[in-house]
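**Student:** The structure under discussion is supplied below as structure tokens; questions concerning it will follow.
Nothing in this text is a laboratory measurement; each read-out follows from the coordinates by a stated rule. Since we're looking at a predicted model, the values are computed, not measured. Don't worry about glycine lacking a Cβ; one is built from the backbone with ideal geometry, like all the others, and counts go over all protein chains shown.
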Amino acid sequence: MRIHQTLALLGTLAITPVAFAQDALSFGTSTGKNFAVVGGVALAEPTENTWIGDESRLELDGSNAATLSASWYVNDHIAVEAWGAASKFGHRVNGADGKAGSVDAQPYALSAQYHFRPADSLLRPFVGLGYYEQNFDSETVEPTGALTGQRLGVETAKGAMATAGVDVALSPSWFARADARYLSGDSDLYLDGETVGKAKVNPVVLGVGIGARF
């Protein structure tokens with residue numbers, strides 16, 4: 001995990017208990033709060049391999065990044081969420097002989113969610129379905145390896161995103177979140193500007209974070 005992301009999350013976790021402890025003394029309720037923001041970190045782990053043509057096979061390593069989301073609650077159970085990576089997932093590209101290059105990925109998505117149980121419950125599971133796009137950039141190749149001497153390009157991936165998670169109430173306004181997102185879709189893969197196949201990653205993104213509802 002990148003050190004600046006780790007320190008940022010630890011800092012958030014350090015100050016959050018003071019904030020929600022003060023809030024808890026108000027004996028308020030989560031019911032009727034229409035907006036929420038969540039900051040956290042996530043691990044993106046590809047579930048598919050990337051193929052070039054019929055002979056060369058490439059695989060992407062997992063990577064982590066900071067994430068942010070903002071939600072509008074239509075009511076206590078239905079929400080519309082905008083979610084994305086606040087920093088980029090830096091994936092290592094591996095070939096048969098080791099590292100072949102690297103590529104950065106930055107997904108963002110819009111989805112509808114259903115939150116189970118009453119708003120003031122300690123544990124509130126939720127599910128969601130939406131649409132995402134994942135931009136790829138900073139493609140590089142190693143001086144020696146499967147892609148040596150070639151220019152790598154990966155087109156933006158687009159498709160459906162499914163979400164499942166749970167919120168743990170810390171106070172009427174603060175909560176902790178853990179979620180899993182599955183991003184389904186592929187994109188064109190280029191070498192020296194020519195389409196040579198499909199980049200099919202279909203990552204599972206596992207995240208944790210701290211949220212505020214107001």
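**Student:** Take Asn202 and Val80, extend 7 Å from each Cα along the Cα→Cβ direction, and tell me the distance between the two endpoints in nm.
**Tutor:** 3.0
**Student:** Spelling out what I want: for every residue of region 108-120, take phi, set θ = phi - 60°, compute 6.51 cos²θ - 1.76 cosθ + 1.60 (Karplus), and round to whole Hz; glycine and proline get x.
**Tutor:** These are the phi-based 3J(HN,Hα) values: 8, 8, 10, 8, 9, 10, 10, 9, 7, 6, x, 4, 8 Hz.
**Student:** Quick one: if you stick a label point 7 Å off each Cα along the C-beta vector at Asp137 and Val166, how many nm between them?
**Tutor:** Rounded to a tenth, the inter-label distance reads 3.8 nm.
**Student:** Averaging over every viewing direction, what projected area does the convex hull of the Cα atoms of region 3-213 cover, in nm²?
**Tutor:** 11.9
**Student:** Sticking with this one: What translational diffusion coefficient, in µm²/s and rounded to a whole number, does the Stokes-Einstein relation yield for region 99-196 at 10 °C and a viscosity of 1.306 mPa s, taking the hydrodynamic radius as the Kirkwood radius over Cα pairs?
**Tutor:** Estimated diffusion coefficient is 98 µm²/s.
**Student:** Kindly write out, for region 168-180 in residue order, the coupling ³J(HN,Hα) from the Karplus curve 6.51 cos²θ - 1.76 cosθ + 1.60 (θ = phi - 60°), rounded to whole Hz, with x marking Gly and Pro.
**Tutor:** 10, 5, 9, 6, x, 10, 10, 8, 9, 10, 10, 8, 10
**Student:** How large is the Kirkwood hydrodynamic radius of region 68-108, counting all unique pairs of alpha carbons, in Å?
**Tutor:** 12.9
**Student:** Once the other residues with Cβ under 11 Å from the Cβ of Tyr132 are scored (Lys, Arg +1; Asp, Glu -1), what is the net sum?
**Tutor:** +1
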